[in-house]
Structure formats: C-alpha cells, structure tokens
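S.K.: Got a structure for you, written out below as structure tokens; questions coming shortly.
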Amino acid sequence: MILRATRRDLLRYGSLTALATLPAPAIAQAWPTRPIRIVCTYPAGGLTDIFARAYGEYVAEKTGQTVIVENKAGAAGAIGAEIVKQAPPDGYTLMFTNSTTMVQNKALFKKLPYDPDKDFALVAWFNTGHLPTMVNKDIPVRNVAEFAAWAKGRKVSLATYGIGSFAHIVTETLNRYYGLEMEAVHYRGESAMWQDVASGAVQGATGSYASGAAVLQAGSVKPIAVPTMVRMKKLPDVATFYEQGLPEKAFQIRGWVGCAAPAGTPPEIVQKLSALMVEAGTTERIRKINDTFAIDEGARDATYFRRVLDEEGPVSIEVIKSLGIEPQ
C-alpha cells in the first residue's frame, strides 16, 4: 500500500527526523517542504553555473520552494562533488557539474574523494553544444585536411582550455592521425585563448561557440570543423570531422553538464526532479540560453544521462589515457 503524506501528517511528524521514518513514497509525496540547495562545482559565470541557476529557478517556480545555488569550485569539480556526496540523500541537495568531474577525472587523478560511479543518483543531462575547431583568419585553409597539410613541417600551436579537455584531445588526435607535432598550449579559460588565436599568438583552438563568437563575428578566426555526427545549426556550412574523413571516436565525444543527487535519494524524488529539468528545457528562457551557446537541444532525463555515461564515458577515458597524461 502506498502511503500519501497529507498536511496533517507533516504537522504531526514536524521534524526532519520524524519525517525520515515515513516510507519513501510518503517522503516523495511530501517533497519539497524546505529550500533546495544546488552545489555548482565550477565558478560563477560559466555554462555549468548558468544552467544551475536557470534550471534551479524553474524548479523553484514549480515547487514553491527557494532554490539556492552555491559555487564550490576547485580540483576539476572534486571539491563540490565531495560536498554533495556527503549530503543527506533527501532530495534537498543537488549537484550541477560536467563531464570532467564525472568521467575524465577518473583518468586524470590517482585518487578522488568521491566515486563518480557510486556516490550519485543521476537526475538530468544537458548538452553543452558543439565545440568547433577554429584557426586564425590568415591561415590559407578551409578544412581540416588543408590545415594539416599547412601545419606539416611548421611550428604550430593549438590552444586548449585545460589538460585532458576535449580541446587537448582534438590536438593530440590530429597529431596522431596526420603525423604532426603541434603543441597543445593550455589556458585557464577560453577568453584569453580565443584572443590569442585572433592575434596569431597561437594558430588555432577548439572551444565553445559562445566564447569564440566575438572573434568569429569580427572575422579574426574561421571554423574548419565541428565534432559529433551532426552539424551545428549556427555553422551549417562547416562540416563535421566525420564528414571530413576522420571517423575517430575522439571527435564524437560530446561535452555536457549533468545534474545529480547523493546516492540513496528516493527514486520518486529523482524522477520528479528529472521531469522538472526536462520541462525546464522547453521554456523560452532556456531556449534563449541554448541559442546563445549554440546548443541544439534541451535537457534529457536520467535514463538518457545513464546511457551517455555508459556509452561515451569509456571512450573519453580511453582517449585521455592515450595522451600519456600522468595522473595527479
């Protein structure tokens, strides 16, 4: 028999301790009765933070409860992940993070203070859009093959937004595929990275459309390829790596933000949260955010999130290991 908690039940059980003795379906029926905390594992201003706040506002609107976003950045998301891991699994603490925290860190660190595979209940998955590869406007190329031919025998640098990042993977995979020796130059963020591509300090880079849009629109850089199997709506004339004859799985890895809760959170609450996130992804506000970042789809549910981790996660780890990066 499914018990349904009424307002009278909540008054009678009063404290959280007493409420915790109710069967899980009853707790889920009552949820939420107090503010919800979202721990964002990256700094304010980035896409992970933007998503945390936008989707959090929708949850607040629909539940009538305050949603508080706390930025707990550092250690490639590990600091925030540990906080969420240790939080009570009651549906009142969520994590917004990205693929680095949930996947790549397993290959980049010898030991993590959390287990990406066991410490969290998946809630929703958010595509972060294509990450085009663009080069300085003065380089006389139109596609990847022409760029590789131009780079042969030259001292060429490609900027990345971090060791082990997708941009790093692109650089090293191109080196292997074409027999090049391009240097990967790692930046702390994308703003300075794209400025250096525009000035010619480095010859190219791979990163988000939104971060590179200013120099692209100014005509200082030009795109030569986009990852995954589908072209970008914002850059419909730019062929994918696959279309250009590069079938390596490394070029099909997608960047994403994920929402998760502590392991053990009642499935009924996880399902409610997942449904709310998917609904939020169809709203005008989030459609505008997605358009700004050249993201072609809204939130996907927990089942889809699990499929991404199971199917694409091992590919990411395999590629990172092949780069020869020494785990910290």
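The values are calculated or read from the model by the stated rules, or taken from the named source; none is laboratory data. Everything numeric here is computed off the predicted structure, so don't read it as measured data. Here the Cβ is made from the backbone with ideal geometry for all residues, glycine too, and neighbour counts use every protein chain on show. Side chains are part of the model used for accessible areas, which takes the heavy atoms of the whole protein and leaves out ligands, DNA and RNA. Shrake-Rupley method; radii C 1.70, N 1.55, O 1.52, S 1.80 Å.
S.K.: Quickly work out the GLU146-to-GLU311 label distance, labels modelled 7 Å from Cα along the C-beta direction, and quote it in nm with one decimal.
M.R.: About 3.4 nm, to one decimal.
S.K.: Also: How would you order 139-148, 257-266 from highest to lowest mean count of nearby Cβ atoms within 10 Å?
M.R.: Working: 139-148: 17.2, 257-266: 22.4.
Per-residue Cβ counts within 10 Å, averaged per peptide and sorted highest first, yield 257-266, 139-148.
S.K.: Ignoring ligands, DNA and RNA, please state the percent of accessible area on the stretch 83-128 from carbon and sulfur, probe 1.4 Å. Don't jump to the answer; show the numbers that get you there.
M.R.: Values: 790 of 1630 Å².
Answer for the stretch 83-128 is 48 percent, counting heavy atoms of protein chains only.
S.K.: Please compare each pair in LYS106/LYS249; LYS222/LYS288; LYS155/LYS233; LYS110/LYS249 to a cut-off of 28 Å on the Cα-Cα distance and tell me which ones are over it.
M.R.: In this structure, LYS155/LYS233 lie more than 28 Å apart at Cα.
S.K.: With each label point set 7 Å from Cα along the Cα-Cβ vector, what nm distance links GLU181 and ARG34?
M.R.: Modelled inter-label distance: 6.2 nm.
S.K.: Counting residues in the chain as N, plug N into 2.2 N^0.38 Å and put the Cα Rg over that result.
M.R.: On the way: Rg = 21.7 Å, N = 328, 2.2 N^0.38 = 19.9 Å.
Its radius of gyration relative to the 2.2 N^0.38 Å reference: 1.09.
S.K.: Which percent of the Cα-Cα distances in the stretch 26-85 go past 19 Å?
M.R.: On the way: 629 of 1770 pairs.
For the stretch 26-85, the fraction of Cα-Cα distances above 19 Å is 36 percent.
S.K.: At 1.4 Å probe size, with every protein chain present, just tell me what the per residue accessible area of the stretch 184-328 comes to in Å².
M.R.: Numbers: 6690 Å² over 145 residues.
With the other protein chains kept in place, the stretch 184-328 gives 46 Å² per residue.
S.K.: Using r as the Cβ-Cβ distance of THR66 and ARG285, and R0 as 22 Å, what FRET efficiency do you calculate, to the nearest 0.05?
M.R.: Working: r = 18 Å, r/R0 = 0.83.
Calculated transfer efficiency: 0.75.
S.K.: In the chain, what percentage of the DSSP-assigned beta bridges are antiparallel, given to the nearest 5?
M.R.: 55 percent
S.K.: For PRO88, what charge total do you get from the other residues with a beta carbon under 14 Å from its beta carbon, if Lys and Arg give +1 and Asp and Glu give -1? Each step should come with its number before you reach the end.
M.R.: Working: positive: ARG34, ARG37, LYS85; negative: ASP90, ASP119.
Spelling it out: positives minus negatives among the neighbours equals +1.
S.K.: Taking Cα atoms of the stretch 99-248, Rg/Rh with Kirkwood Rh, to two decimals?
M.R.: Working: Rg = 16.1 Å, Rh = 16.2 Å.
Across the stretch 99-248, the Cα-based Rg/Rh ratio is 0.99.
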